[in-house]
Amino acid sequence: MGPTEKNSIVDIKWYSMEAESVLKELDTSTEKGLSEGEVQNRLKEFGKNKIPEAKRRSALMRLLAQFHNTLIYLLIGVAIITAIMDHWIDTFVIIAVVVINSLIGFIQEGKAEQALEEIKKMLSLEAIVIRSSNRQKISAEEIVPGDVIILKSGDKLPADLRIIKAKNLRVEESPLTGESTDVNKHTEPIVGDVVIGDRKNMAYSGTMVTYGEATGVVVTTGENTELGKISRMMKEVEEITTPLLQKIDRFGKVISVIIVFIAAAFFAFGYYFRDYAYVELFMATISLVVAAIPEGLPAIMTITLAIGVQRMAGRNAIIRRLPSVETLGSVSVICSDKTGTLTRNEMTAKTVITADSCYEVEGSGYKPEGEIYKENDQVDVEKESVLNKLIQCVRVCNDSDIVKDDSGEWKLIGTATEGSLLTLAYKSGLKEYTPKRIDYIPFESENKYMVTLNQIEGKSVVFVKGAPERLLAMCSRQLSANGEEELNLDYWEKKMNSVAEQGERVIAAAFKNVDTSVQDLSDDTLYKEELVFLGFIGIIDPPRDEAYAAIQECKSAGIRVIMITGDHAVTAKAIAKKLDLGEDREVITGTEIGKLDDASLAQVVMKHDVFARVDPEHKLRLVKALQANNLMCAMTGDGVNDAPALKQANIGIAMGIKGTEVSKEASEIILVDDNFASIVNAVEEGRTVYDNIRKTILFILPTNGAEVLVLIGAILVGATLPITPVQILWVNMVTAVTLALALSIEPMEKKVMELPPRNHKEPILGSYFLWRILFVSVLIAGLTALGYWWSIVSGNDLDTNRTIAVNMLVAGQLFYLFNCRKINETSISGDFFNNRHAFLAVLVLVLLQLVFTYAPFMNELFGTAPIKAIEWMIPIAGGFMVFLMVEVEKYFTRKIS
């Protein structure tokens with residue numbers, strides 16, 4: 001055997017070699033195949049034809065990994081502290097939050113690891129091979145390089161093959177290349193360095209034979225196949241942490257250091273400069289730590305993300321990983337596959353050209369609805385004699401069918417090209433036009449046409465459809481409204497070029513009346529000579545109706561849309577033009593990408609918006625190139641070929657209807673309707689979720705800040721603590737559970753999709769947020785201290801003083817809630833009442849505070865005391881003061897900025 005080393009098999013360009021040379025190189029033949037002894041040797045050398053198992057973490061390790069988070073550590077620390085204080089209710093609540101958060105991550109991560117398993121399922125289970133001169137059916141895992149495989153229609157390819165013999169072979173390669181139609185295959189060598197989609201003499205593992213039969217020789221197996229390379233790329237792609245998780249992790253670390261530092265300084269000051277007992281000072285320090293930790297924040301963030309998931313589900317986007325909801329809000333570029341995402345993945349007849357006229361066809365896909373127009377006027381097909389004859393031809397000369405399924409959707413049975421022609425015939429009222437077929441010649445890749453002999457109204461007619469260059473060569477005349485006339489080649493060539501420039505494939509039609517005595521097509525002069533040319537039809541996989549508007553909305557939101565497709569450059573350019581996609585529509589091909597190093601590609605990807613004839617590796621490199629330019633990248637896809645890029649992208653978006661399981665499992669988001677417009681809706685929700693998370697943080701942290709300042713102030717002046725640790729936990733939990741929860745479902749602010757994407761590197765707490773948190777913390781702390789002092793002066797006991805202080809803290813937060821509903825804009829506006837949940841939360845909080853203040857068992861648990869009705873005026877007045885002061889602060893901030 002020639003290639004005795006694995007690397008040599010992988011590196012050889014099999015498509016560039018003659019078929020005989022390939023057989024010689026692999027030391028095999030189509031008659032004898034390999035001997036059993038040679039098969040065993042090659043199995044030892046190359047291994048079984050399967051994708052190697054990926055090393056997977058155990059379920060226990062995946063579960064433990066969910067706890068590896070600074071904020072989780074803080075929460076566990078708080079739980080331990082509350083347990084030490086015998087406040088078991090809070091301990092159990094905090095532990096429940098930790099466990100729920102971790103379980104959600106554990107379950108979602110387990111689903112993600114199914115992606116590689118789904119790739120393995122795509123491999124054929126059995127194959128027909130020739131070994132020792134005998135045909136055998138064997139397990140696909142036992143196939144080795146050099147095996148000769150017999151293929152027929154419906155077979156799934158078990159390995160990567162070089163085609164040796166072929167008869168009318170067509171292969172569906174869209175899962176691997178993204179090309180929207182099946183591909184005609186041949187045996188001739190191909191010159192040059194070409195991408196997978198242009199290797200017409202190769203057939204690849206995981207694709208399927210749709211028509212014809214062939215003999216091929218296996219050139220690579222297992223992980224060396226193109227499908228295996230995709231699997232390997234997916235294993236090599238590292239999981240990208242979402243911006244929110246990165247920021248929360250940094251925030252958790254910073255706040256941990258600050259809390260420890262303040263607590264140590266607090267304890268030292270009280271011990272050395274104030275005459276506090278050790279136990280009392282230790283409890284005061286614990287109070288400070290408890291006050292400083294926003295234990296309700298993780299739960300509220302999880303709830304906010306979960307609400308975002310529900311909202312997106314209502315807009316046809318299923319979120320597989322919670323943090324991905326927020327990531328969408330910072331996306332600056334969307335890399336979209338063409339076939340099935342920007343387009344329908346349903347070939348459609350759009351243009352009809354006859355000798356006299358040009359027609360435009362309404363509708364898209366296989367749904368037979370839409371009119372036919374000539375110069376903007378609707379036409380009656382029966383009154384257009386040449387048009388009617390042409391459509392009769394493609395209706396009769398057709399072996400496919402379109403049917404309506406139980407859901408009311410029209411489905412294709414057969415080839416996409418014939419499906420588009422059949423749909424045109426249905427639109428023209430020719431559904432029932434089914435004259436008797438006497439004989440036919442099926443489409444063959446060598447001939448590039450199909451012929452039928454039909455009996456119509458007592459006459460015999462030959463109909464031919466196929467490649468226009470072949471049919472024009474077989475025609476001597478053309479049909480016009482005036483009858484038959486001499487063929488005008490210049491006219492047809494100009495029209496064909498014009499249609500081709502729109503990205504449409506051209507299918508020609510011709511006919512010939514023959515004697516009624518003709519009963520078969522054995523005499524090829526019946527259809528190869530003296531045909532009458534009818535015209536041609538331009539077909540294309542059309543853009544989705546909603547895609548254009550969605551791309552325009554992306555532009556207004558500062559989001560760039562890039563088309564990355566395995567389809568031909570001319571088609572990609574035409575679709576980009578129809579969608580008004582990008583400023584520079586020069587198409588960059590996969591071959592050109594392959595010649596660029598990473599640095600050059602990073603420059604190219606910033607200047608061009610359409611990339612065609614790309615391989616899976618090219619898609620992955622394009623995503624990495626965008627990320628190298630510090631762009632947050634979303635990637636859409638539906639095929640196996642998209643999976644590595646989906647996994648590498650900051651947000652992978654898979655198609656729910658036509659997407660493979662591999663692409664779904666490699667993604668964070670699944671579109672239920674396969675519609676690009678749903679991505680824009682999801683981005684809108686993502687931006688809203690991020691805003692609500694920021695509002696929640698902006699609301700919760702001043703509570704902690706005010707508590708910390710009150711405690712520090714008490715130690716500095718040597719006073720009794722105005723609030724106790726258990727009271728601090730009460731305030732933190734009830735304000736988070738009620739008020740902060742209302743912010744998590746705050747409706748979208750106006751103009752959210754008119755702003756550019758935020759910088760994903762900006763800190764979660766910017767300078768303005770820090771200022772606001774400090775300002776409100778000082779304000780609420782000052783008012784709390786003032787209320788506590790007023791109670792002391794009024795002669796109340798310690799429990800009453802603390803009760804008023806706690807209610808002052810809560811009232812300050814209650815009124816501050818309405819400030820936070822809009823971060824910068826004034827909250828006093830016409831949509832003040834548009835979030836009924838905010839008012840419901842206020843009602844619940846008021847009831848809880850009444851129970852906290854007057855219920856005897858709560859007085860016992862929290863060290864509180866009932867207060868007089870008039871004393872409620874203190875916290876109410878203080879809360880109203882907070883609202884007014886923050887609104888004034890926002891007003892001057894807007895003026896300054």
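The values are calculated or read from the model by the stated rules, or taken from the named source; none is laboratory data. Predicted model only: the values in this text are computed from it and were never measured. Reconstructed Cβ throughout: ideal geometry from the backbone, glycine too, with neighbour counts over all protein chains shown. In case anyone asks, the SASA skips ligands and DNA or RNA and just uses the protein heavy atoms, side chains included. Shrake-Rupley method; radii C 1.70, N 1.55, O 1.52, S 1.80 Å.
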Show me the strands (runs of 3 or more DSSP E) found entirely inside segment 366-460 where at least 3 residues are surrounded by fewer than 17 Cβ atoms within 10 Å (Cβ to Cβ) and out of contact with any helix residue (DSSP H, G or I) (no Cβ under 6 Å at 6 or more places or on another chain). 401-404, 436-441
Can you pull out the residues in segment 732-781 that are more than 30 Å from Val561 (Cβ to Cβ), of a type in the set (D, E, K, R) and either open to solvent by 20 Å² or more (accessible area, probe 1.4 Å) or not in a helix (DSSP H, G or I) (or both)? none
Residues Leu786, Leu729, Leu817: which one is open to solvent by 20 Å² or more (accessible area, probe 1.4 Å) and assigned to a helix (DSSP H, G or I)? Leu786
In segment 571-593, is there at least one residue being among the hydrophobic types (A, V, I, L, M, F, W, C), under 30 Å from Ala473 (Cβ atoms) and modelled with pLDDT under 90? yes
Go through the residues of segment 303-318 one by one and say whether even a single one is open to solvent by less than 20 Å² (accessible area, probe 1.4 Å) and under 30 Å from Ile259 (Cα atoms). yes
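Residues are listed down the side, and each one gets a yes or a no for (1) among the hydroxyl-bearing types (Ser, Thr, Tyr); (2) within 18 Å of Glu749 (Cβ to Cβ):
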residue: Gly766; (1), (2): no, yes
residue: Val776; (1), (2): no, no
residue: Gly787; (1), (2): no, no
residue: Thr800; (1), (2): yes, no
residue: Ala805; (1), (2): no, no
residue: Arg821; (1), (2): no, yes
residue: Gly830; (1), (2): no, yes
residue: Phe833; (1), (2): no, yes
If you go through segment 587-602 one residue at a time, how many are in contact with a helix residue (DSSP H, G or I) (Cβ under 6 Å, 6 or more places away or on another chain) and in contact (Cβ under 8 Å) with a residue 40 or more places away in the chain? 2
Only listed residue being at pLDDT below 90 and either under 30 Å from Gly503 (Cα atoms) or part of a strand (DSSP E or B) (or both), chosen from Gly197, Gly252, Gly216: Gly197
Kindly list, by first and then second residue, each pair from a residue in segment 541-556 that is open to solvent by less than 40 Å² (accessible area, probe 1.4 Å) to a residue that is of a type in the set (Val, Ile, Thr) and at pLDDT 90 or above, limited to pairs with Cβ atoms under 6 Å and residues at least 6 apart or on different chains. Pro542/Thr348; Ile551/Val561; Cys554/Val561
Listed by first then second residue, the pairs whose first member lies in segment 522-539 and is under 20 Å from Asp439 (Cβ atoms), whose partner is open to solvent by less than 10 Å² (accessible area, probe 1.4 Å) and not hydrophobic (A, V, I, L, M, F, W, C), with beta carbons under 6 Å and at least 6 positions apart or on separate chains, are none
Picking from Leu75, Leu103, Leu71, Leu63, which residue would you name as being part of a helix (DSSP H, G or I), farther than 30 Å from Ser139 by Cα and modelled with pLDDT of 75 or more? Leu63
When both residues are 6+ apart or on different chains and their Cβ atoms are under 7 Å apart, which pairs have a first residue that lies in segment 30-52 and is without any contact (Cβ under 8 Å) to a residue 12 or more places away in the chain and open to solvent by 20 Å² or more (accessible area, probe 1.4 Å), and a second that is not in a loop (DSSP other than H, G, I, E, B) and not charged (D, E, K, R)? none
For segment 541-645, list the strands (runs of 3 or more DSSP E) that sit wholly inside it and hold at least 1 residues that are touching a Lys or Arg at 6+ places or on another chain (Cβ under 6 Å) and within 26 Å of Glu665 (Cβ to Cβ); which are they? 560-564
How many residues, within segment 603-659, are of a type outside the set (A, V, I, L, M, F, W, C), touching a residue at least 24 places away in the same chain (Cβ under 8 Å) and under 24 Å from Asp193 (Cα atoms)? 14
Filtered residues of segment 519-540 (kept if hydroxyl-bearing (Ser, Thr, Tyr) and in a helix (DSSP H, G or I)): Thr525, Tyr527
Find the residue count for segment 557-586, including only residues that are surrounded by fewer than 24 Cβ atoms within 10 Å (Cβ to Cβ) and β-branched (Val, Ile, Thr). 3
Being at pLDDT 90 or above and either among the small types (Gly, Ala, Ser) or out of contact with any helix residue (DSSP H, G or I) (no Cβ under 9 Å at 6 or more places or on another chain) (or both) is the filter; apply it to segment 144-156 and report the residue that is most open to solvent (accessible area, probe 1.4 Å). Ile150
Checked against (1) surrounded by 20 or more Cβ atoms within 10 Å (Cβ to Cβ); (2) at pLDDT 85 or above; (3) in contact with a Ser or Thr (Cβ under 6 Å, 6 or more places away or on another chain), Asp182 satisfies every condition except (2)
When segment 492-505 is examined, which residues are found to be in contact (Cβ under 8 Å) with a residue 12 or more places away in the chain and either more than 33 Å from the chain's Cα centre (by Cα) or not in a strand (DSSP E or B) (or both)? Trp492, Lys495, Met496, Val499, Ala500, Glu501, Gln502, Gly503, Glu504
